[in-house]
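Below is one structure; the comments refer to it alone.
The values are calculated or read from the model by the stated rules, or taken from the named source; none is laboratory data. Since the structure is predicted, the reported quantities are computational estimates derived from the model, not experimental observations. Here the Cβ positions follow ideal geometry from the backbone for every residue, glycine too, while neighbour counts run over all protein chains shown. Each accessible area value is taken on the protein alone, full model and side chains, heavy atoms only, with ligands, DNA and RNA left out. Shrake-Rupley method; radii C 1.70, N 1.55, O 1.52, S 1.80 Å.
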Amino acid sequence: MPKAPITERINRRGVAVAMETFESLGFAFREQQECDYGIDAHAELIESSTPTGRLLGIQLKTGESYAAELKDDFIVFRVDAEHVDYWLGHSLPAIVCICDLESRKILWQAITDDTAISTGKHYKFHIPTSQVVETRTVPAFRDLLTPIVSADRYTIFKTDDTSHGTAKRYSFDIVINGTASKSEIASIVRRVTTDGAQRRYHRNHLVEGRWGDSDAHVVWAFVYPSAEDQARRNHFCRSIWINESLDQSARPMGFDGENVGGNVVIDWSANYDLLAKHTSENTLNKENYLKQVMGPFDKLKQLLPQLESSLQKLKAKTISEDVFLTTTADARKRTSELCTELLDVALAPFECKAFDEKLECFVVNMDNIVLHYSDRGLKTWTEDNRLYLALKQCSYATEHLGEMAYELKKIT
């Protein structure tokens, strides 16, 4: 039988000592089986037998080699810059621990900007020999733990049931009220995920019949710094949690990120600032937006009854398709021009977002009417099909006009 490498066996013994030590102090110790670069375990504070959701990330090193560089009253722990950058940027506060198997003692140091000492290309940490993980350490750990975040710090803007036959799944849009640190956002995401997994919302009676009173197997969350970001779908981060018992065949594709506790993985968007800047630079104010869209919209709206009337004549066979194409050529050309003009308008301000969404739908409907009788449309669809589809677009456009009138009253 092959033997496990010595270093692996030493590491396993170190994990066992750390688990026993932290759990004796009132923490739940959870080794991270999946590779979380630089974080070996999570310690969660337990109070009155209840998990608090307050976590600490642990980088655990075991063996004499890590304690070899001993100075007067501290051990020098050396590490590369990549690890330090990861720890300092992590949403969980982190500590580095060195485990002495002989004495079964664990020395620790908080990982902060102050304790990370640059040596040029690398870093070092001074770990005091008096800083042992023991009962008197608990107050210091409490100060480091992730914060408790009140419910008024965030708002759930949207709840989606995306369940299917093999998994119950929810997705939540979260908007932060005010500002929050990464650590606070991680706490919010964990809370929403935990509560969300126990929700009983179903999008229809068929889903309710399938899943009834069961908890969710998958929970996604998308976090937005503002309501406008949520409207633009520019998330600051996204997260996923998958129940460990869910069959592999029913699991959605996950993504790389930070495990912030409870198997909740957060992926911080690298494009948020870029997209937010683009939005800021390309969003019109209310008066300029309305000035740019209302003129073309009024002209486009007047073309709808003209095109629909000709289509109805074509349906009644009082005119041929050739006659329709000839008599509506100018109207169809003008429709395409106005649709292009409206789609090229810069972004609508947040207060006009609902109207703009309806306007976009109306423009697409009008453009589709013309599309069915373009050179491409004449080659793609049969005469009966393009007539049917064009009339359906007329119906949708009329419906959206009514919705736009309602939204326009709200902003003018």
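Can you give the translational diffusion coefficient of region 343-409 in µm²/s, computed by Stokes-Einstein from the Kirkwood radius over Cα pairs at 4 °C and 1.567 mPa s? Please report the intermediate quantities before stating the final value.
Numbers: Rh = 13.0 Å.
Rounded to a whole number, D works out at 100 µm²/s.
Which one, Gly57, Gly212, Gly261, has the greatest fluctuation when you compute a Gaussian network model over the chain with C-alpha springs under 10 angstrom?
The residue with the greatest mean-square fluctuation here is Gly212.
State the extension gain, in nm to one decimal, for the chain segment bounded by Asp113 and Gln312, taking 0.36 nm per residue of separation less the distance between their alpha-carbons.
64.4 nm
Could you work out the per residue convex hull volume over the alpha carbons of region 179-324, in cubic angstrom?
Considering the Cα atoms of region 179-324, their hull volume per residue is 247 Å³.
Kirkwood-based Rg over Rh for the chain (C-alpha set), two decimals?
On the way: Rg = 30.3 Å, Rh = 26.3 Å.
Over the Cα atoms of the chain, Rg/Rh equals 1.15.
Once you have all Cα-Cα distances for region 281-405, histogram them in 5 Å bins from zero and send the whole-percent values.
Calculated P(r), rounded to whole percents: 2, 11, 22, 22, 17, 11, 8, 5, 2, 1, 0.
With the full set of protein chains in place, find how many percent of the accessible area of region 1-145 is carbon and sulfur; take the probe as 1.4 Å. Mind showing how you got there, number by number?
Numbers: 4030 of 8050 Å².
Ligands and nucleic acids excluded, carbon and sulfur reach 50 percent.
Where does each of Lys124, Lys291, Lys392, Lys71 land when they are ordered by accessible area, with a 1.4 Å probe and the largest first? Don't skip to the end; give the middle numbers.
Working: Lys124 50, Lys291 160, Lys392 80, Lys71 100 Å².
Largest to smallest exposure gives the sequence Lys291, Lys71, Lys392, Lys124.
Note down the accessible area of Thr166, probe 1.4 Å, to the nearest 10 Å².
80 Å²
Counting helices only, and only those DSSP H runs with n ≥ 4, report the 222 nm mean residue ellipticity of the chain as the sum of -39,500 (n - 2.57) divided by its residues, in deg cm²/dmol to the nearest 500.
Values: 13 runs with 179 residues, N = 412.
Rounded to the nearest 500, it is -14000 deg cm²/dmol.
Highest mean first, how do 347-354, 47-54, 188-195 rank when packing is the count of other Cβ atoms within 10 Å averaged over residues? Could you put the intermediate results ahead of the total?
Working: 347-354: 18.4, 47-54: 12.5, 188-195: 20.8.
Sorting 347-354, 47-54, 188-195 by mean packing, highest first, produces 188-195, 347-354, 47-54.
Return a whole-number percent for the relative contact order of the chain, with Cα pairs under 8 Å and 6 or more residues apart as the contact set.
On the way: 609 pairs, mean separation 36.9, N = 412.
In percent, rounded to a whole number, it is 9.
Compute the FRET efficiency between Leu70 and Arg199 as 1/(1 + (r/R0)^6), taking r as their Cβ-Cβ distance and R0 = 56 Å, and round to the nearest 0.05. Please report the intermediate quantities before stating the final value.
Values: r = 53 Å, r/R0 = 0.96.
That gives a FRET efficiency of 0.55.
Out of region 203-268, which trypsin sites (Lys or Arg not before Pro) are coil in DSSP terms and have no more than 14 other C-beta atoms within 10 Å? Each step should come with its number before you reach the end.
Working: sites: Arg203, Arg210, Arg232, Arg233, Arg238; in loops: Arg203, Arg233.
Qualifying residues, ordered by number: Arg203, Arg233.
Rounded to the nearest 10 degrees, what's the angle between the helix 383-411 long axis and the longest principal axis of the chain, both from Cα atoms, 0 to 90?
70 degrees
Sorting check: for 313-319, 216-222, 378-384, which peptide has the highest mean count of neighbouring beta carbons within 10 Å, and how do the rest follow? Can you show the working numbers first?
Values: 313-319: 13.1, 216-222: 23.0, 378-384: 11.3.
Going by the mean number of other Cβ atoms within 10 Å, highest first, we get 216-222, 313-319, 378-384.
Return the Rg/Rh ratio of region 10-150 with Cα-based radii and a Kirkwood Rh. Please list the in-between numbers first.
Working: Rg = 14.5 Å, Rh = 15.4 Å.
On the Cα set of region 10-150, Rg over Rh gives 0.94.
Between Leu88 and Ala151, take the C-beta separation as r, use R0 = 22 Å, and let me know the FRET efficiency to the nearest 0.05.
On the way: r = 29 Å, r/R0 = 1.31.
Once rounded, the FRET efficiency stands at 0.15.
I'd like the distance separating the alpha-carbon centroids of region 116-168 and region 196-258, in whole Å.
First find each Cα centre; the distance between them is then 22 Å.
Could you check how much of the accessible area of region 231-291 is carbon and sulfur, as a whole percent, using a 1.4 Å probe? Spell out each step's value before the answer.
Numbers: 1700 of 3610 Å².
Within region 231-291, the accessible surface is 47 percent carbon and sulfur.
Towards the positive end of the charge dipole of the chain, with charges on Cβ (+1 Lys, Arg; -1 Asp, Glu), say which of Asn288, Phe74, Ala151 has the farthest Cα.
Sorting the options by dipole projection puts first Asn288.
Compute the angle between helix 182-196 and the longest alpha-carbon principal axis of the chain, please, reported from 0 to 90 degrees and rounded to the nearest 10.
The angle comes out near 70 degrees.
Would you mind counting up the charge near Arg78? Only other residues with Cβ under 12 Å from its Cβ, with Lys and Arg at +1 and Asp and Glu at -1. Numbers along the way, then the final one.
Details: positive: Lys61, Lys121, Lys124; negative: Glu69, Asp80.
Net local charge, Arg78 excluded: +1.
Is the C-alpha gyration tensor of region 74-192 telling us rounded, prolate or oblate? Criteria: a/c under 1.5 is rounded; beyond that, a/b larger than b/c is prolate, otherwise oblate.
On the way: a/c = 2.31, a/b = 2.14, b/c = 1.08.
Because a/c hits 1.5 or more and a/b exceeds b/c, region 74-192 counts as prolate.
Quick check on region 55-124: take the gyration tensor over C-alpha atoms, sort the square-rooted eigenvalues as a ≥ b ≥ c, and tell me if it's rounded (a/c under 1.5), prolate or oblate. Could the numbers behind the result be given before it?
Working: a/c = 2.09, a/b = 1.30, b/c = 1.61.
Oblate, since a/c reaches 1.5 and b/c is not below a/b.
Tell me, what is the per residue accessible area of the chain in Å², probe radius 1.4 Å?
Numbers: 22210 Å² over 412 residues.
The answer is 54 Å² per residue.
At 7 Å along Cα-to-Cβ for each site, give me the label-to-label distance between Ser48 and Lys392 in nm.
5.9 nm
When only the heavy atoms of the protein chains count and the probe is 1.4 Å, how do Glu321, Glu64, Glu8 rank by accessible area, highest first?
Working: Glu321 25, Glu64 155, Glu8 95 Å².
Largest accessible area first, the list is Glu64, Glu8, Glu321.
Quick one: grab the alpha carbon gyration tensor of region 86-147, order the square roots of its eigenvalues as a ≥ b ≥ c, and give me rounded if a/c is under 1.5, else prolate or oblate depending on whether a/b is larger than b/c. It would help to have the intermediate numbers written out before the result.
On the way: a/c = 2.19, a/b = 1.22, b/c = 1.79.
Oblate shape, in that a/c is at least 1.5 and b/c is the bigger or equal ratio.
Give me the net charge of Ser239's neighbourhood, meaning all other residues with Cβ under 11 Å from the Cβ of Ser239; Lys, Arg count +1, Asp, Glu -1.
On the way: positive: Arg190, Arg238; negative: Glu258, Asp267.
Computed value for this residue: 0.
For a protection proxy built on the mean count of beta-carbon atoms within 10 angstrom, sort 104-117, 240-253 highest first, please. Don't skip to the end; give the middle numbers.
On the way: 104-117: 16.9, 240-253: 13.0.
The peptides rank, most packed first, as 104-117, 240-253.
Relative to the longest principal axis of the C-alpha atoms of the chain, give the angle of the C-alpha long axis of helix 272-281, reported between 0 and 90° and rounded to the nearest 10°.
40 degrees
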